[in-house]
Number of protein chains: 2
Amino acid sequence: MLNLQTHTEHFTNPLYLESGRILEPFDITYETYGELNEKRDNVVVVTHALTGSHHAAGYYEGDSKPGWWDGLIGDDKAIDTKKYFVICSNVIGSCFGSTGPMSQMFPYEESYRYKFPVVSIKDMVKAQRILFDRLGIHRVHAIVGGSMGAMQAMQFAIVYPNFADKIIAMAGTYATQPWAIAFNKVAQESILRDPDFKNGYYDSKIIAKNGLSGMAIGRMAGHISFLSHSSMADKFGREYKRDDGLYELFGKFQVETYLEYNGYNFTKWFDPLSYLYITKAINIYDIARGFDSLEEAMSRIKAELHLISFKEDMLFRASEMEKMYEVAKKESLTCKYVEIDSDYGHDAFLVELDKFEKYVKEALEQDRK
Amino acid sequence: MLNLQTHTEHFTNPLYLESGRILEPFDITYETYGELNEKRDNVVVVTHALTGSHHAAGYYEGDSKPGWWDGLIGDDKAIDTKKYFVICSNVIGSCFGSTGPMSQMFPYEESYRYKFPVVSIKDMVKAQRILFDRLGIHRVHAIVGGSMGAMQAMQFAIVYPNFADKIIAMAGTYATQPWAIAFNKVAQESILRDPDFKNGYYDSKIIAKNGLSGMAIGRMAGHISFLSHSSMADKFGREYKRDDGLYELFGKFQVETYLEYNGYNFTKWFDPLSYLYITKAINIYDIARGFDSLEEAMSRIKAELHLISFKEDMLFRASEMEKMYEVAKKESLTCKYVEIDSDYGHDAFLVELDKFEKYVKEALEQDRK
C-alpha cells in the first residue's frame, strides 16, 4: 500500500536566505508514501525538478495521471515503499502549496510578486531541512533527485554532510553552465515581454484560463533542451499535418504541434512568476559558491555518492556529471558514476526508468563498502 | 583588387514556384568580386545563410565591418578573387533587395506581407539560375555555401546537375530535422505573438527603430543553436555583471547580456516577415522531395561534391552531413567528406575559417580525378 498523504506545514520562524533576505512566515507542502519505521531510519527524500511538485507518486482521486516519478516510487519498485518512507516536498518559490511569489506577503493582503526574494537551491534545501526537523527526521537513508532535484541532492550533501547516508543525483550538474542559462533566458525574456504579464501584476485567473503565450514560447524552448536530436527525429520525423499543405506558411510539422500543445498547456498549470524565480535559482546554482574551489566544496561530502548521467542529455551534459565524479575520486569520496546509454536527452530521467532504475535500487540497498 | 560591385536585376517573366504559385515580377540583388575571364569559366557562386545577404565580402563605403565571408573571399584568400569571379545573390524571400514579403505586390501599391507565396530552397535556386542566365553564365566552376547556403548548393547539384563543376557544402543537411524545426518554431511563434507584429501589418519604420521583441526572443533561441555547450562555456563562463547583485532577480550572467544584445540588435536590421518565410523555406527543405529516396535524388548529381561538417554543430549535426557522404559513396559520386574538429558549434562556418579554408581552396583548385 502506497499510503499517499499530502500535508502542508506552516513555519513562523524566519528563513534566512543566501541573499541576506528573510522569508517569514513560510509554508511547505509535502507528500509521503509508505510508513516511517520505529527506528526512523528508512526515510528516502525525493527532490523535484523545475516544474515538478511534491506529487511524485500515486494517484489523486479522480486523476488519470499519477505523480511524476510513479514508475520509480511504489511497492516493489526501485524506491520501494514497502521498505522506505518516502518524502517529497514542493520547493519554496514554486506554486503548488509551498510559499512562492504569488503567496500572501504577510502581514499585507497582497501577493509578493516581484517583492518575493530570490531563493537559491541552497535555500530550498534549508527550508526542507527545517521541515524534516519538525517531522522529527534528523537523518535520512537517501536523497534522490534528477535535474534541479539533483542540484538539491548535491547541495544537501555539501551543506548538511551528516544528514543523508546516500545521495543519488542524476541528470544534474555542479554549476549551471551558460548553455542552460541561455535556454532559461529565452523563457524569462519571453514571459517578461508578454503584455499580459503586466510586470508581474497579471490576473492569475485569466492566465490560468487563457494561458500566457510568453510562457508558452519559453516552455517550447525548454522542451528543445529536454530532448535530443535523435529523440526528436524518432518521435516526430518530418511528419506534416495532413490538413495543411506543405506550402502553406502556417502548415505544421508534427514537432511544431507537439511544442505548441505542450507550451500552451503548460501555462494553464504553472505560474509565470514561479518560473522566473525557479529558473533564477537554477541559473545561480553553483555548489562551489562560498568555497575556494569545487574540490573544497565536495570534500565536505560524507554521504555515499551515486551519480547517473545520460549520454545525450543536451541540458546538463554527461561531462558535467563526470566532472563531479573526477573531483569525488580526487577527494577520495565513496562515489559511483554511471553514464546511461540513452539517446533520449535530458527527459530520460523521467521517461527511461527501465534504463536506470536498477542503479537506484542497488544504490539504496547495498551496504556501504 | 576585390572589385566589389552591387547590382539589382529586374525580371518580368513569371517565376513558377514549387507550391504552384507564381512570383511576378521579381528582383534579385547580387554582388560580384573579381573579374569574369574571357572563357567565362571562372565563376564561383557563393550562397548565403538564413540572415545573410549578397554582401559576402569587402567593405561598403563608410562601413567598419566587411561582408559576412570576407575572411574567405578576396585576393589570395581561399576563394581567390585574383582567379575567380565570385557572385553572391540575396535569396528571394529575404529583405536586402531581392523580392520578399515586404516588396510591392505589383500591380497594387501595397506590400505582399502574408500574401507573399511560400518559397522553397529549390525556388531560391531557380531564381538564381534565371539571374545567371541573364548574366550569360550557363555553367560555373563551383557553388560554395554554409548552413542554408549548403542547402542551396545541394539543391543546385540535384536540380541542375550540369550547372556546377564543384559543390562545396558545409554545416548543412539533406533534410531539415525536427531539432532545427523546433528552434525555428520558437522564433516564428514569438514573432507571431508579438502585439507589435500586428499579423504582419507592422509599421516597418517603427520596427526598425524600436525593434520587435518577439523577433529578438526568437533570435536568442537561434543563437543557442548556433553555438555549442563548450563554446558558450569558453566565451561566457559564469561571468556575472558586477553592477547587479547575484541575488537580484534581474541580475545578468554574461551569456544573458550577449543574447539580449544580439537579439535586440538583430530586429533593427532584419525583417520579421522575411524571418517567417525563410525559416519556413528551411523547415520544408528536403532534397529528396519529388524523388522516391535520398539515393534517387543524389544519384542525379554530376558535380564533384565536397562536404564539410563541424563536430559540435548543434543545429545540423555532423551525422547529417555524413549521411549524405554515405549516400554519395553508395551512388559512386565523386565526393570528399571532412569533419572539422571544432567545439564552436554551427557558427564555426562563419568564425573558424582557419580550420577549413584549406579544404575550400583545395576543392576549388584540384583537378577532378
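General observations
- Value of relative contact order over segment A:180-281, rounded to a whole percent, pairs C-alpha under 8 Å and six or more apart: 35 percent
- Averaged over the residues of B:189-199, the number of partner chain Cβ atoms lying within 10 Å of the residue Cβ comes to 4.
- Pairs of Cα atoms nearer than 8 Å and 6+ residues apart set the relative contact order; for chain A it is 17 percent.
- For A:ASP367, the point set 7 Å out from Cα toward Cβ sits 7.9 nm from its twins in the other copies, listed from shortest up.
- DSSP-assigned coil residues among chymotrypsin sites (Phe, Trp or Tyr not before Pro) in segment B:5-81, each with at most 14 further Cβ atoms within 10 Å: B:TYR59, B:TYR60
- Footprinting exposure proxy ranking of A:HIS346, A:HIS141, B:HIS229, fewest other C-beta atoms within 10 angstrom first, gives A:HIS141, B:HIS229, A:HIS346.
- Largest-first principal axis extents, alpha carbons of the protein assembly as shown, Å: 95, 54, 49
- Averaged over the residues of peptide A:247-259, the number of Cβ atoms from other protein chains lying within 10 Å of each residue's Cβ is 6.
- Looking at segment A:199-253, the chymotrypsin sites (Phe, Trp or Tyr not before Pro) that sit in a DSSP loop and have at most 15 other Cβ atoms within 10 Å of their own Cβ are A:TYR201, A:PHE250.
- Ratio of Rg to Rh over segment B:180-280 (Cα coordinates, Kirkwood Rh, two decimals): 1.02
- C-alpha center-to-center spacing [segment A:127-186, segment A:258-307] in angstrom: 9 Å
- In order along segment A:334-348, the Karplus-derived 3J(HN,Hα) couplings, from 6.51 cos²θ - 1.76 cosθ + 1.60 at θ = phi - 60°, round to 7, 8, 10, 10, 10, 9, 7, 6, 9, 9, 5, x, 4, 4, 3 Hz, and Gly and Pro are given as x.
- Cα centre as origin, Lys/Arg/Asp/Glu Cβ charges: segment A:180-281 dipole, Debye: 240 debye
- Each residue of segment A:265-281 is assigned a 3J(HN,Hα), and the resulting list reads 4, 4, 5, 8, 10, 10, 8, x, 5, 4, 5, 4, 6, 6, 5, 4, 4 Hz, derived from the Karplus form 6.51 cos²θ - 1.76 cosθ + 1.60 (θ = phi - 60°), x at Gly and Pro.
- Take each residue of peptide A:274-283, count the partner chain Cβ atoms within 10 Å of its Cβ, and average: the result is 2.
- Kirkwood radius and radius of gyration were both taken over the C-alpha atoms of segment A:1-96, and their ratio Rg/Rh is 1.02.
- Debye-sum result for chain A in log10 I(q)/I(0), which assumes one identical scatterer on each alpha carbon, at q = 0.08, 0.13, 0.15 Å⁻¹: -0.39, -1.07, -1.43
- Residues with amide H under 5 Å from that of A:GLU304, placed H, sequence gap 5 or more: A:LYS166, A:ILE167
- Which of A:TYR174, A:VAL118, A:PRO14, positive extreme of dipole for chain A (C-beta unit charges): A:PRO14
- Rg ratio (alpha-carbon, reference 2.2 N^0.38 Å) - segment B:99-186: 1.29
- Close amide H pairs (under 5 Å, H built 1.01 Å from N) link A:MET314 with A:HIS346, residues at least 5 positions away or on another chain.
- Comparing mean-square fluctuations of B:SER293, B:SER120, B:SER231 from a GNM of chain B with C-alpha springs under 10 Å, the top value falls on B:SER293.
- Spin-label model, A:ARG40 to B:ARG40: label points 7 Å out along the Cα-to-beta-carbon direction sit 9.2 nm apart.
- Report note on the peptides A:164-170, B:296-302: ranked by the mean count of other C-beta atoms within 10 Å, highest first, their order is A:164-170, B:296-302.
- Site pair A:SER293 and A:ASP63 shows an inter-label distance of 4.5 nm when each label is modelled 7 Å from Cα along Cα→Cβ.
- Label 7 Å beyond Cα on the Cβ vector: B:PHE291 copy-to-copy distances, nm: 5.6
- Ascending list, in nanometres, of distances separating the B:LYS198 label from those of the other copies (7 Å, Cα toward Cβ): 2.5
- 5 angstrom amide H check on A:TYR337, placed H, neighbours 5+ away: A:LEU307
- Residue-count net charge about A:PRO101 - beta-carbon cut-off 12 Å; Lys, Arg +1, Asp, Glu -1: +1
- Size of charge dipole - segment B:167-209 - debye, nearest 20, with Cβ of Lys, Arg +1 and Asp, Glu -1, no other charges: 60 debye
- For segment B:160-169, backbone phi angles converted through the Karplus equation (6.51, -1.76, 1.60; θ = phi - 60°) give residue-by-residue couplings of 10, x, 9, 7, 10, 6, 9, 10, 10, 10 Hz, Gly and Pro being listed as x.
- Members of A:LYS83/A:LYS235; A:LYS115/A:LYS235; B:LYS115/B:LYS205 lying beyond 32 Å, as alpha-carbon distances in this model show: A:LYS83/A:LYS235; A:LYS115/A:LYS235
- Pairs from the list B:LYS302/B:LYS330; B:LYS126/B:LYS280; B:LYS166/B:LYS329; A:LYS198/B:LYS185; A:LYS302/A:LYS330 with a Cα-Cα gap above 19 Å: A:LYS198/B:LYS185.
- Among beta bridges that DSSP assigns inside the protein assembly as shown, antiparallel share in %, nearest 5: 35 percent
- 20 °C / 1.002 mPa s Stokes-Einstein diffusion coefficient of segment B:279-369, Kirkwood radius on C-alpha pairs, µm²/s: 149 µm²/s
Bear in mind these aren't lab numbers, they're just calculated from the coordinates by the rules spelled out. Predicted model, so just to flag it, every value in this text is computed and none were measured. Heads up, the Cβs are rebuilt from the backbone with ideal geometry, glycines too, and the neighbour counts pull from every protein chain shown.
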